[in-house]
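The values are calculated or read from the model by the stated rules, or taken from the named source; none is laboratory data. Quantities reported herein were computed from a predicted structural model and do not represent experimental measurements. Cβ: placed from backbone, ideal geometry, glycine included. Neighbour counts: every protein chain shown.
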């Protein structure tokens with residue numbers, strides 16, 4: 001059994017459903033755009049931090065190389081550069097740029113320790129490392145560290161490119177979801193309008209046809225049954241009106257037939273002559 005609903009209730013629920021879907025789509029779009037903007041900002045910041053740390057490491061490495069290949073030792077400057085290099089390492093570890101980046105920094109730190117060891121081995125005991133340009137173990141260790149830092153920089157660039165590609169895919173997905181939401185709102189609107197037109201138009205059309213039949217004297221009509229309370233009440237009242245018209249028409253017809261029978265009986269009882277009736281039919 002279908003639940004009867006008032007017209008205003010049905011319209012309210014239909015329009016509320018349409019507005020709810022539209023608002024959900026709008027909120028989804030706003031949330032997605034906000035999240036994407038936050039992700040892009042975080043991506044840019046992390047990429048900038050990684051590039052900045054990489055530049056610091058390469059800068060300090062170049063400064064240290066100049067000191068180590070110099071003919072004259074400079075212990076104070078070498079110690080300052082090494083402290084700056086270690087500080088750049090610590091900054092990279094504290095930046096929280098991901099496990100892969102941290103692993104690469106740990107490997108770079110190990111290569112840096114190896115380079116320092118080779119620098120110490122290439123220098124007489126008790127002296128500050130210097131004049132190592134022709135010491136192959138040192139130059140090899142330096143080259144390994146330098147290549148590793150360059151590879152790490154390339155990995156950061158590749159990571160940023162991959163993250164941007166994922167962000168682009170996410171933006172296309174969000175756009176697709178918004179399009180689907182718009183289509184859903186459009187479909188709900190069309191279905192709602194069609195349902196309202198069908199539920200209200202069909203019963204009213206049947207009532208119009210029934211009125212035409214009653215106007216032609218045909219009282220056996222089919223009235224619509226609608227789940228809408230207002231239309232159901234209108235159909236029931238229309239049925240009561242039709243029944244009253246049928247009874248009135250039947251009563252008039254019976255009176256007319258009765259009068260016609262009495263008149264015919266009077267006329268049949270007179271063979272020849274003139275019959276005059278007064279106002280009371282006497």
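Things worth noting here:
- Counting only residues that are free of Cβ contacts under 8 Å to residues at least 24 places away in the same chain, over 21 Å from residue 80 (Cα atoms) and touching a helix residue (DSSP H, G or I) at 6+ places or on another chain (Cβ under 8 Å), the range 99-130 holds 1 of them.
- Among residues of the range 40-62, those that are within 17 Å of residue 157 (Cα to Cα) and either touching a residue at least 24 places away in the same chain (Cβ under 8 Å) or in contact with a strand residue (DSSP E or B) (Cβ under 7 Å, 6 or more places away or on another chain) (or both), counted: 12
- The selection criterion, being loosely packed, with under 15 Cβ neighbours inside 10 Å and in contact (Cβ under 8 Å) with a residue 60 or more places away in the chain, holds for residue 24.
- If only residues of the range 108-143 that are within 54 Å of the chain's Cα centre (by Cα) and surrounded by fewer than 15 Cβ atoms within 10 Å (Cβ to Cβ) are counted, the one that is farthest from residue 68 (Cα to Cα) is 110.
- Unique residue being surrounded by fewer than 15 Cβ atoms within 10 Å (Cβ to Cβ) and touching a residue at least 60 places away in the same chain (Cβ under 8 Å) when the list is 182, 176, 215: 182
- Verdict on residue 61 being within 18 Å of residue 142 (Cα to Cα) and buried (at least 16 other Cβ atoms within 10 Å of the Cβ): yes
- Breaking point among (1) at pLDDT 85 or above; (2) within 21 Å of residue 122 (Cα to Cα), for residue 57: (2)
- Condition check for residue 102: surrounded by 18 or more Cβ atoms within 10 Å (Cβ to Cβ), under 58 Å from the mean Cα position of the chain (by Cα) and under 30 Å from residue 42 (Cα atoms): no
- Residue within the range 24-38 that is at pLDDT 85 or above, assigned to a helix (DSSP H, G or I) and closer than 24 Å to residue 158 by Cα present: no
Condition check ((1) on the phi < 0 side of the Ramachandran plot; (2) part of a helix (DSSP H, G or I); (3) more than 51 Å from the chain's Cα centre (by Cα); (4) modelled with pLDDT of 80 or more) across all residues:
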residue: 186; (1), (2), (3), (4): yes, yes, no, yes
residue: 190; (1), (2), (3), (4): yes, yes, no, yes
residue: 204; (1), (2), (3), (4): yes, yes, no, no
residue: 218; (1), (2), (3), (4): yes, no, yes, no
residue: 222; (1), (2), (3), (4): yes, no, no, no
residue: 230; (1), (2), (3), (4): yes, yes, no, no
residue: 236; (1), (2), (3), (4): yes, yes, no, yes
residue: 240; (1), (2), (3), (4): yes, yes, yes, yes
residue: 249; (1), (2), (3), (4): yes, yes, yes, no
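- Residue in the range 45-61 that is farther than 30 Å from residue 188 by Cα, in contact with a helix residue (DSSP H, G or I) (Cβ under 7 Å, 6 or more places away or on another chain) and outside any helix (DSSP H, G or I) present: no
- Selected residue (only one of 149, 97 is assigned to a loop (DSSP other than H, G, I, E, B), within 56 Å of the chain's Cα centre (by Cα) and surrounded by 15 or more Cβ atoms within 10 Å (Cβ to Cβ)): 97
- Apart from one condition, residue 76 fits all of (1) modelled with pLDDT under 85; (2) exposed (fewer than 12 other Cβ atoms within 10 Å of the Cβ); (3) assigned to a helix (DSSP H, G or I); the exception is (1).
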